[in-house]
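See structure below.
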């Protein structure tokens with residue numbers, strides 16, 4: 001399979017948000033589990049952070065970088081991964097526009113990175129808080145997404161791309 005880049009840069013903000021919500025909903029429909037990557041110290045609203053962490057099993061992500069290693073040694077949560085299977089919770093949380101994050105690249109997603117899987121196949125990947133979104137899947141799954149996206153934009157929004165981020 002070849003992943004597709006979801007091109008939303010040329011869309012107005014509201015349409016880009018709708019495309020994002022559509023792709024997250026599609027991922028939840030065809031996915032069976034997800035992984036979220038986040039940096040807890042970037043969340044000023046501790047209740048919002050708690051909602052994200054409650055979505056599944058939380059684990060710390062080790063890093064070999066000196067700066068990150070010093071943070072970890074000081075017992076700071078530099079990055080963590082949340083793994084879960086509550087796909088409805090995934091959609092609710094990923095599309096919750098009230099979760100504010102400091103220093104994020106995009107205004108679409110509440111987490112640094114996210115992935116949804118159909119068994120062991122990654123069908124959706126989000127990077128940099130939604131700046132980059134990739135999709136992959138069976139012909140049937142991708143056809144379903146293309147139909148939904150066609151309702152939002154007359155131009156095709158999926159572009160074949162080389163392997164990106166190990167997808």
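Any read-out appearing in this document is the output of simple, stated calculations on the displayed coordinates, not a laboratory observation. Remember, predicted model here, so these are calculated numbers, not experimental data. Counting neighbours? That spans all protein chains shown, and the Cβs are built from the backbone with ideal geometry, glycine included.
Taking label positions 7 Å along the Cα-Cβ direction at both residue 50 and residue 152, the computed distance is 3.1 nm, reported to one decimal.
Between residue 86 and residue 14, the modelled labels are 3.2 nm apart [label points 7 Å from Cα along Cα→Cβ].
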